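The values are calculated or read from the model by the stated rules, or taken from the named source; none is laboratory data. It should be emphasised that the depicted structure is a prediction, and the values quoted were computed from it without experimental measurement. Neighbour counts are summed over all protein chains in view; Cβ atoms, including those assigned to glycine, are modelled from backbone coordinates with ideal geometry. These area figures cover heavy atoms from the full protein model, side chains too; ligands, DNA and RNA do not enter into them. Shrake-Rupley method; radii C 1.70, N 1.55, O 1.52, S 1.80 Å.
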Amino acid sequence: MPLSTPAHSTAMATEPVSPAEPEAVSPGKRWAILAVILSADVLDLLDATITNIAAPTIAEDLHGGEALIQWLGAGYALALGVLLVVGGRLGDRYGRRRLFLIGITGFTLASIACGLAFDPGSIIIARLSQGAFGALLIPQGFGILGSVFPRDQIGRAFSAFAPTMGVSAVGGPILAGALIDADILGLGWRSMFLINLVLGGVTILAAARLLPKDTGNRSTPVDGIGSGLLAAAMLGLLFGLIDGSAHGWTPVPILSVTGGAVFFGLFCRRQLTAASPLIEPSLLRNRGFTSGLILGVAFFAAVSGLLYVLSLFMQNGLGYTPVKAALGLAPVAAGIVIASVASYRLIGGLGRGLVLIGLLITLTGTGWLLVLVLTAGTSTGPWALLPPALIIGLGMGTCFGTVYDVTIGDIAPEEAGSAGGSLSAVQQLANAIGAAVVTTLYFRTLATGGETRAVVYSLAAVAAITLACCGLVRLLPRKAPPQDHH
C-alpha cells in the first residue's frame, strides 16, 4: 500500500526541464493542464491502494487463495518500479504528451481488464499491465508542467499535489470498501476497477485536447537491456517467494529465486558497463546515497507489508467488512499526510535527525500494536486500534518526507536526475518486496499458529527491520539539499 505521494516520489524521475515562455500557454489553460496531471496521479494512487482493502474479497471470488492476495499488491508495484525510470526517458525521447496519452489509455484499458478478470492469472496480468502503463504515465507530469508554467508559478503548481494526493490516500481505500459493500449491479469488487472507464476516459479526452505537443529528443538513451534484466530478477524473486510460501518449496520456486538472483547479478554488472545505466555507478560508491538506498528499501518494504497484514487482520481476524477495514486504516493515511506536510518544514533544520525521529515513531506505534494484539488478540476493538494506527502513520509520513531527500544531500548536481529516478523506482520495488515478504511470514504462521500469532510475528519482523534502519541513519548525509525545487 504505497501511500507516499507521487508528487514526492516522481518529482525527480526525469531530468529538469526549462519552462516555456509564459505567453506560450494562457493562464487558464495552464491550470487546466495541472488538473489533467493531477487526475492521472490520483488514478495511479487509487489503484495502488485499493487492492490493499479488496484483496481478500477478490481472492475469495476468483478462488485465488493467499498467493493471489500477495500478487495483487506486489504485481502493480513491481511493474511500476521496474519501468519507472525507463518511462521518464521514453517521454524525453518520444515526447511527453505522446507517452502520457499512451500511458493513460493503456492504464484505463488495463483497469477494465481487472474488472472483467475471470481467474487469478487474468487479474495478475492485468495488474502488471496497470503498473507498466502507470510507469509510462506518471513520470511525464512534472516535465509537462515545467514546460508550461513560468518559474515564478511552478511552486504554486507543485503545491497542489500534496493535498490532492492526501485526500486520495485517505479517501481511495474507503471508496473501494464502500463500492465492494454496496455491490452495485451485482459487480462487487469489480466496480472499483470499472469506474476507471469513466475517470480514465475523461482524463484521456482532456489530455488529448489540452496537453502541449512536443517532439522529444531521439538522442535520449534508453537502457532496455538493463530494465529487462531488472524485470527478470524481480519477477523471479517474487514468483519464487510467493509460490514457495503458498505451495511449498519444491524445485520450481527454488529455481525461480535462484534465477532471480542470477539476473540481479547480471543487472548489477550491466550498470557498470552500460553507456547510460539506470543507476550511475558513481552513486553506488557514495556511502550516504547507498546507505539511504538500503534504508529506504528496508523501511518501505517493512511498512508496505505491515499495512497489508493489518488489512488482512481486520478482515480475516476481526471480521471487518471492506469499508470498515478501510476506515480502520484511515488513521494511518491521515497520519502520513499530516507528518509529510510537517516534515517539509522541519527537514531543513533537523536533517537526518528527522529520519531517526520518524523511525522511532513508527517503532513506537508498531510496538503498541504488538502489545495490543498479544493481550487482546481477535477481540481487539476498533477504538483500541486507532491510536497505534495514527502513530504508525505519523512515523511513516515523517520518513516518507525525509529519507530520500536526505539521501541525495551530498551527491553531485549532475547525478541528481539518475539519483531521483533510481530512488523513485526503488521505493516501488520495495513496496512489491514488502507486500510479498511480510505477507509470506503472515500466511506461513497463520497455517500453523493461528491469526494472533501470525500478526504478532509479522509485527515483530516489522519492528526488527525498523530498529535495524535506525542503525543506518548515522551513515546518511547530515542535511538534505536546499528545497528550491519545491
Q. For region 405-486, what is the accessible area per residue in Å², given a 1.4 Å probe and the full set of protein chains?
A. 39 Å²
**Q.** For region 36-175: accessible area per residue (Å², 1.4 Å)
**A.** 28 Å²
Q: In whole Hz, with x marking every Gly and Pro, tabulate ³J(HN,Hα) for region 459-469 from phi via Karplus 6.51 cos²θ - 1.76 cosθ + 1.60, θ = phi - 60°.
A: 5, 5, 5, 4, 4, 5, 5, 4, 5, 4, 4
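For region 188-301, report the accessible area per residue in Å² (1.4 Å probe, heavy atoms, rounded to an integer).
49 Å²
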Q: State the percentage of accessible surface on the chain attributable to carbon and sulfur atoms; use a 1.4 Å probe and exclude ligands, DNA and RNA.
A: 68 percent
Q. Which number do you get for Rg(Cα) / (2.2 N^0.38 Å) in the chain?
A. 0.92
Q.
Please compute the contact order of the chain in relative form: average sequence separation of alpha-carbon pairs under 8 Å and at least six residues apart, divided by the residue count, as a percent.
A. 23 percent
Q.
To the nearest 20 Debye, how big is the dipole of the chain about its Cα centre, given +1 on the beta carbon of each Lys and Arg and -1 on that of each Asp and Glu?
A. 680 debye
(Q) Could you work out the relative contact order of region 332-486? I mean the mean sequence separation of Cα pairs under 8 Å and 6+ apart, divided by the number of residues, in percent. (A) 38 percent
**Q.** Dipole magnitude (debye, nearest 20) for region 176-287, charges at Cβ of Lys, Arg, Asp, Glu
**A.** 480 debye
Q.
Can you compute the FRET efficiency between Ala464 and Thr250 using 1/(1 + (r/R0)^6), with r the Cβ-Cβ distance and R0 = 22 Å? Round to the nearest 0.05.
A. 0.15
Q. Can you work out ³J(HN,Hα) from phi for every residue in region 198-213, in order, using Karplus 6.51 cos²θ - 1.76 cosθ + 1.60 and θ = phi - 60°, giving whole Hz and x for Gly and Pro?
A. 7, 5, x, x, 5, 5, 4, 5, 5, 5, 4, 7, 9, 5, x, 7
Q: Just tell me the longest site-free run in the chain, where the sites are trypsin sites (Lys or Arg not before Pro) in a DSSP loop having at most 11 other beta-carbon atoms within 10 Å.
A: 1-212
Q.
Show me, for region 339-350, the HN-Hα J-couplings you get by feeding each phi into the Karplus relation (A = 6.51, B = -1.76, C = 1.60, θ = phi - 60°), rounded to Hz, glycine and proline as x.
A. 6, 4, 5, 5, 5, 4, 7, 9, 5, x, x, 8
Q.
From the helices alone, meaning DSSP H stretches of at least four residues, give me the mean residue ellipticity at 222 nm for the chain, per-run term -39500 (n - 2.57), in deg cm²/dmol to the nearest 500.
A. -27000 deg cm²/dmol
